[in-house]
Structures are given as structure tokens and as C-alpha cells.
1. Residue by residue through the stretch 8-18, which ³J(HN,Hα) values in whole Hz follow from phi under the Karplus form 6.51 cos²θ - 1.76 cosθ + 1.60 (θ = phi - 60°), with glycine and proline marked x?
2. Given H placed 1.01 Å from N in the peptide plane, which residues other than close sequence neighbours of S37 have an amide H under 5 Å from its amide H?
3. Cut-off under 24 Å on the C-alpha distance; same-chain residues fewer than 8 positions from K38 excluded. Which lysines are left, in chain and number order?
4. Tell me what the chain gives for mean residue ellipticity at 222 nm when only DSSP H runs of n ≥ 4 count, each as -39,500 (n - 2.57), the sum divided by the residue total, rounded to 500 deg cm²/dmol.
5. Using the heavy atoms of the protein chains and a 1.4 angstrom probe, tell me the accessible area per residue for the chain in square angstrom.
6. What is the set of long-range amide H partners of D109 at a cut-off below 5 Å, with H atoms built 1.01 Å from backbone N?
7. Roughly what would the spin-label model give for K44 and T25, points 7 Å off Cα along C-beta, in nm?
8. Please state the Cα pair-distance histogram of the stretch 1-121 with 10 angstrom bins from zero: what percent is in each bin?
Amino acid sequence: MALERTLSIIKPDAVAKNVIGEIYTRFEKAGLKVVASKMKHLSKQEAEGFYAVHRERPFFAALVEFMISGPVVIQTLQGENAVLKHRDLMGATNPKDAAPGTIRADFADSIDANAVHGSDSLENAAIEIAYFFPATDVYAR
Ligand code: RTP
Ligand code: MG
């Protein structure tokens, strides 16, 4: 087991549904600690930069428009196997395929409005954490 950090975003749909606390509780109950946190209404440039890996995909424009449709809550989570543990809590990208009890099964409406983002690898987690948080804003706990 390895102590890891991962980047999590509560997307505009879940913020609008007023379930920030319920989602944080799931992280905490799973042993993930919030070590950095902020609410932010992303600019188009910030959202495009964050999802740059998807820029050639057909859903890119819709994804960016959705991500800037309202404020998001961005956090760094720390814990044993944090990257995979967080992905397991999130559930499948399409909520129709998400296992019962996962965040997307419970709070997501569609593959576009799917409640949360999570880093998909340790390597991407480091890049994504640095994208939103200077090292001085991440707190060892
Ligand atoms: P995320 O990056 O948001 O954590 O989601 P993910 O890894 O489960 O999915 P990814 O393949 O990275 O796609 C990023 C986001 O793009 C939207 N998407 N739409 N219409 C489509 O076929 C489609 N595929 C992906 C989703 O909102 C997904 O979360
Ligand atoms: Mg992804």
C-alpha cells in the first residue's frame, strides 16, 4: 500500500444539487483526507487547459462548456492508494454503468453531467494537483 494524493473535482451539477458535504463525507469515510480545497468558477481557458488531453475528442467542447457552467469544488485527497480508491468511490464515467452506492450512481444525471472528476493515474494526479494548487496550498496531514 502506498500513500498517494489525487485530484478531485465536484462538478457544477453536483455543486448545484447541494451535495458537496455528502461527497466529502464519502471521501472521509473511505479514509481519504482533504489536504487542499477551494471553490472556483473556472474560466474557459482554465477548463480547456485542464482537459487538454481530450481536446481532439468529439465531446471536448461540450465538456468544457459544462465545466464552466457554474462553480466547482476542487480538492486534493490523500490516503492509501488514493488514486484508485477515489476512482472506485466515483463509479463509472456513465452513471448508467456506475455501481450502486458510487457517487455517480447516486448523484450523476448523464455522462456529461456526471458529478465528479478524479485523476486516472498517479502521474496525472501530480500534474492535475499542480494545475490547481501551488505546493504551499497543499497541507500534509
Ligand atoms: P473525469 O476525467 O471527469 O474524471 O471522467 P473519466 O475519467 O471517468 O472520463 P474521461 O474519459 O476522462 O472523460 C472526461 C469527461 O468527459 C465526458 N465524456 N463524455 N459523451 C461522451 O462520450 C463522453 N465521454 C466522456 C465525461 O463527463 C467525462 O467525465
Ligand atoms: Mg478522466
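The values are calculated or read from the model by the stated rules, or taken from the named source; none is laboratory data. Quantities reported herein were computed from a predicted structural model and do not represent experimental measurements. Quick reminder, even Gly has a Cβ in these numbers, built from the backbone with ideal geometry, and neighbours come from all protein chains shown. All accessible areas refer to the heavy atoms of the entire protein, side chains included, with ligands and DNA or RNA removed. Shrake-Rupley method; radii C 1.70, N 1.55, O 1.52, S 1.80 Å.
1. Coupling constants for the stretch 8-18: 10, 10, 8, 6, x, 5, 6, 4, 5, 7, 6 Hz.
2. The answer is T76.
3. The qualifying lysines are K11, K17, K29, K85.
4. -10500 deg cm²/dmol
5. 52 Å²
6. Residues meeting the criterion, in which the H sits 1.01 Å from N, are A115.
7. Between K44 and T25, the simple spin-label model gives 3.9 nm.
8. Over the stretch 1-121, the share of Cα pairs per 10 Å bin runs 14, 47, 35, 4 percent.
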